[in-house]
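Data block below; observations after.
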Amino acid sequence: MDTALALTTDMKLVLGLVVFTMAMFLFERIRADVVALVVLVLLGLSGLVEPDELFNGFSGNAVISIIATMILGAGLDRTGALNRLAAWLLRRAHGVEQRLLLLTTAVAGLNSSFMQNPSVMALYMPVASRLSSRTGLSLPRLLLPIAAAIVMGGALTMVGNSPLILLNDLLLNANSNLPSGAATIEPLKMFAPLPIGIALLVASLAYFHFFGDKLLRDDSDKGATPARTQSYFAKAYGIEGDVYEMTVTADSPLVGMSLGEAEALRGAPLLLALKSDGEARLAPPADTRIWVGSVLGAMGPKQQVADFAQNQFLRLSSRLRNFADLFNPSRAGISEAVVPATSGYIGKTAGDLHLRKQAGLSLLAINRDKSVLRDNVRTVPMRAGDMLVFHSIWTDLATAAASKDLVVVTDYPKGEQRPHKLKLALTIFAVAMLLALSSRLPVSIALMTGVAGMLIAGVINIDEAYAAINWKTVFLMACLIPLGWAMDSSGAAAWIAGHTIERLPAGTPVWLLEIFIGLLTTMFSLVISHVGATIVVVPLAVNLALAAGGNPTAFALIVALSASNNFMTASNPVISMITGPAGYTGKELWRIGGPLSLIYTVVTVLMVNLLFWGK
């Protein structure tokens, strides 16, 4: 490479745009996507990128792949897959905190291998809240290890995060500007970074298990929105415990009773569901009869439910075989609603209103004048200002709220949940991943095949798919991609690489340059986001590798991986999502995330060199 390359006007313009972009991102006076649009326009006005190529970023494989992963993630979310996962994690942990942390973070890291990191974090926020409320483990002790594992797990595949999705497009573009005689850079296959991702994920788990865990705060008052946690309802209303199934035997005195009569028995738990004649329903009417073989869905402390089952000759099961979908937290749960002064419920009882039969709402308790009523609540006339506690399917709650007779104060899933589509969604997703493994198909086509499958199968509808796309992220990436092209085609990246090599001591080892480029990318990501850092530094890394006799693909891969190496600031979208709910301070993030970031760099460089040994 010609290290004496002259600094041209085009190079000056490109480098000026890079400095401008970094300054705008750093001071945050203008939104990042608006800055990206301004940069795109300036690239076109200055002629640094040809007009017919300027908007090609919007149709690039990287952008299409990101859109597809967002929609696929939303489709899996609609099936309640992660809520089932939370229940599985609780069962496997057996109440041991360290085991729960290890399992949760490991599974979150694996999930992030095929979904965008922010999407995985968004899905795991309610999972973490549920685990926190069920175990008493505070959110500050849960969220940062989960976030770190999600970032690390994003390196398992080429679609795990935005920088890796971008990488192949940037490598292919670099081929057009390679010096004569240089070997063509081949794009990386779907699971090319898998060994690196495994090593990073293991490093994250080990860090928090042996060291980082001691630095995490244990604030029992930090958690999810109180009205949605079981701990809140246990404290405020005495409503606690898990859900169980009880099968009515031929010897049971409940045979022939109505559900309302069974609920009035001494020591009866909350009876929230009934399966009879093959039909399972939540909030069954009080006059529904119980027969031999009927299955009751009950909620309460384990000992209370076990005693009731023994006294009434019921066969108890803690595993939900008949009501798994009905009690899926993504589909149903406990909520609070206020009776407004204009409500038609005033002066009437739950029995008068037939809340179960007409609205699908099970009334569990009434909070009135700072006192809680739980006994015979179906016969208590309602007053304006009463806080009613319900158990219901979320869609039934939304229908009741639309009548204006209730004002729901609990945050609950507004969209339709489709747990019955879980197996179908997982099958479609698996097919998409297998297609992505094929070298004959671009990853973008494979992922879009999965999107089409989920739309046709009804896992998600087209309006939900549009809503799942984070257009800010898409626009930011599509507008900044031409800046990377300009860095390469103008020769600015080659000029910086050449002058860098000139100023280094003779015989500087390649691995030291790799550590330098990794730390440089990390610093850039703190300022201009992981997408911006990847776009700016990859052309520089490729040219630096060529000048130093290194492997351009290895250098570029270190950049793409290092762009996500930010556990210290909210410029990482995953970290920004957890700082508020967990109450992390900037000092805490630097104290815990700083050492982890250094470990990330060392592991990345070591594993990349092992992966590309002799290449």
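Counting every other Cβ atom within 10 Å of each residue's Cβ, MET121, MET190 order from fewest to most as MET190, MET121. For the stretch 1-78, just say rounded, prolate or oblate: build the C-alpha gyration tensor, square-root its eigenvalues into a ≥ b ≥ c, call rounded for a/c under 1.5, and beyond that prolate if a/b exceeds b/c, oblate if not. Prolate, because a/c is 1.5 or more and a/b exceeds b/c. Dipole check for the chain: with +1 at the C-beta of Lys and Arg, -1 at the C-beta of Asp and Glu, and the Cα centre as origin, the magnitude is about 1360 Debye.
Peptides 164-176, 497-509 ordered by packing proxy, namely the average of other Cβ atoms within 10 Å per residue, highest first: 164-176, 497-509.
Over what distance in Å are the Cα centres of the stretch 253-281 and the stretch 1-72 separated? After rounding, the separation between the Cα centres reads 65 Å. The calculated FRET efficiency for LEU26 paired with PHE516, based on their beta-carbon distance and R0 = 22 Å, is about 0.55. Mean projection of the Cα convex hull over all viewing directions, computed for the chain: 30.8 nm².
Here's the picture: charge each Lys and Arg Cβ at +1 and each Asp and Glu Cβ at -1 in the chain, and of GLY344, ILE290, PHE612 the one pushed furthest to the positive end of that dipole is ILE290.
For ALA365, what residues show an amide H to amide H distance below 5 Å, using hydrogens built from the backbone and excluding near sequence neighbours? Long-range HN contacts for ALA365: VAL389.
In this calculation the C-beta distance from ILE456 to PHE58 is compared with R0 = 22 Å, giving a FRET efficiency of 0.30. What's the angle, to the nearest 10 degrees (0 to 90), between helix 139-153's Cα axis and the longest principal axis of the chain? That works out to roughly 40 degrees. Prolate is the label for the stretch 379-482, because a/c, from the alpha-carbon gyration tensor with a ≥ b ≥ c as root eigenvalues, is 1.5 or above and a/b exceeds b/c. Full extension of the chain between ASP307 and LYS404 gives 30.9 nm of extra length, using 0.36 nm per residue less the Cα-Cα distance. Listed values for the stretch 264-274 are Karplus-derived 3J(HN,Hα) couplings in whole Hz (6.51 cos²θ - 1.76 cosθ + 1.60, θ = phi - 60°), namely 7, 5, 5, x, 6, x, 6, 9, 10, 8, 8, and x replaces Gly and Pro. So what's the gap between the Cα centers of the stretch 457-479 and the stretch 517-589, to the nearest angstrom? With the stretch 457-479 and the stretch 517-589 each reduced to a Cα centre, they are spaced 25 Å. Compute the acute angle (0 to 90°) between the alpha-carbon long axis of helix 510-548 and the principal axis of greatest extent of the alpha-carbon atoms of the chain; round to the nearest 10°. Helix 510-548 and the main axis of the chain meet at about 40 degrees. On the basis of the beta-carbon distance and an R0 of 41 Å, LYS12 and LEU441 show a calculated FRET efficiency of 0.50.
Measure nothing fancy, just the Cα-based angle from helix 162-175's long axis to the longest principal axis of the chain, in degrees from 0 to 90, nearest 10. Helix 162-175 sits roughly 20 degrees off the main axis of the chain.
When each of LYS587, LYS404 is scored by the number of other beta-carbon atoms lying within 10 Å, the sequence from fewest to most is LYS587, LYS404. Among 141-154, 458-471, 595-608, sorting by the average number of other beta carbon atoms lying within 10 angstrom of each residue, highest first, gives 141-154, 595-608, 458-471. In terms of the Cα gyration tensor, with a ≥ b ≥ c the square roots of its eigenvalues, is the stretch 332-408 rounded because a/c is under 1.5, prolate because a/b exceeds b/c, or oblate? Rounded shape, in that the Cα axes give a/c under 1.5.
Mind checking the full-extension length gain between ARG289 and LYS370? Use 0.36 nm per residue of separation minus the Cα-Cα distance, one decimal, nm.
Working: separation 81, 0.36 × 81 = 29.16 nm, distance 3.54 nm.
The ARG289-LYS370 span can extend by a further 25.6 nm.
Pairs LYS189/LYS472; LYS348/LYS370; LYS302/LYS357; LYS404/LYS472: which are spaced more than 24 Å apart, C-alpha to C-alpha? From LYS189/LYS472; LYS348/LYS370; LYS302/LYS357; LYS404/LYS472, over 24 Å: LYS189/LYS472; LYS302/LYS357; LYS404/LYS472. In plain terms, the chain from VAL431 to THR508 could stretch by 23.1 nm, reckoned as 0.36 nm per residue minus the Cα-Cα distance. Label positions at GLN98 and THR342, each projected 7 Å from the Cα along the C-beta direction, are separated by 5.9 nm. Sorting SER371, SER252 from the fewest to the most surrounding beta carbons within 10 angstrom yields SER371, SER252.
Values in this text are rule-based calculations from the coordinates and carry no lab data. On a predicted model such as this, the values are computed, not experimentally measured, just so you know. As a convention, Cβ positions derive from the backbone with ideal geometry for all residues, glycine included, and neighbour counts pool all protein chains shown.
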